[in-house]
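I have placed the structure first, in the form of structure tokens, so that the comments after it can refer back to it.
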Amino acid sequence: MDQSEIAAAAEEFEAAQARGEHFPRAWFDRLTLDDAYRILLARIAHRQRQGARRIGWKIGLTATAIQQQLGVHEPVFGCLLAEGLVNSGHIFRRDALIEPAFENELCIVLDRDLPPGATYADVAVGIIQVDTAFKIIKTLSKRAGQLALALADNGE
């Protein structure tokens, strides 16, 4: 996909989300992982222009067994935005979530963004806090075989 196609796809994903449609069916089996990441990054940039603040990244598929199950060879990432933080006091209604489940997580807080190619030592020095956490996720059934689609839809 060229840049104009990525921009158009990002707009379509945003419009689908506004309608409450996640994993838009129109995009099933149409994306490569590279295109999915490019769409995701375009969506993040769009949301930041709208005032959202990126507060971190989420890393998924870190377990080899899960990577093998989904046919990938490396972890994947998504973006954490300040919108919708649990600290807001928001109460999640189960029927408003998409096939919810939860995962235990570690929340690693860094004092700054790290550049590509950062070493383990760079990361270790940048860590200022490690917390236990959990995240509410959409279960795998909606994205089975559609990893690229899930990534373009921000990973979960």
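When Q68, Q17 are screened for being assigned to a helix (DSSP H, G or I) and in contact (Cβ under 8 Å) with a residue 60 or more places away in the chain, only Q17 passes.
Scanning region 27-43 for any residue that is assigned to a loop (DSSP other than H, G, I, E, B) and at pLDDT below 90 turns up nothing. In region 57-66, the condition of being modelled with pLDDT under 80 and over 15 Å from the mean Cα position of the chain (by Cα) is met by no residue.
The number of residues in region 3-12 that are touching a helix residue (DSSP H, G or I) at 6+ places or on another chain (Cβ under 6 Å) and not small (G, A, S) comes to 1. Condition test on H22, is it part of a helix (DSSP H, G or I) and not small (G, A, S)? So H22 does not fit the description; no.
Taking region 12-26 as the range and being of a type in the set (D, E, K, R) and either farther than 22 Å from L80 by Cβ or at pLDDT below 90 (or both) as the test, the residues that pass are E12, R19, E21, R25. Against the list (1) of a type in the set (K, R); (2) modelled with pLDDT of 80 or more; (3) touching a Phe, Trp or Tyr at 6+ places or on another chain (Cβ under 7 Å), the condition R54 fails is (3).
For region 47-69, the set of residues classified as β-branched (V, I, T) and surrounded by 12 or more Cβ atoms within 10 Å (Cβ to Cβ) consists of I55, I59, I66, listed by residue number.
The values are calculated or read from the model by the stated rules, or taken from the named source; none is laboratory data. Please read these numbers as outputs of a predicted model, since none were measured by experiment. Don't worry about glycine lacking a Cβ; one is built from the backbone with ideal geometry, like all the others, and counts go over all protein chains shown.
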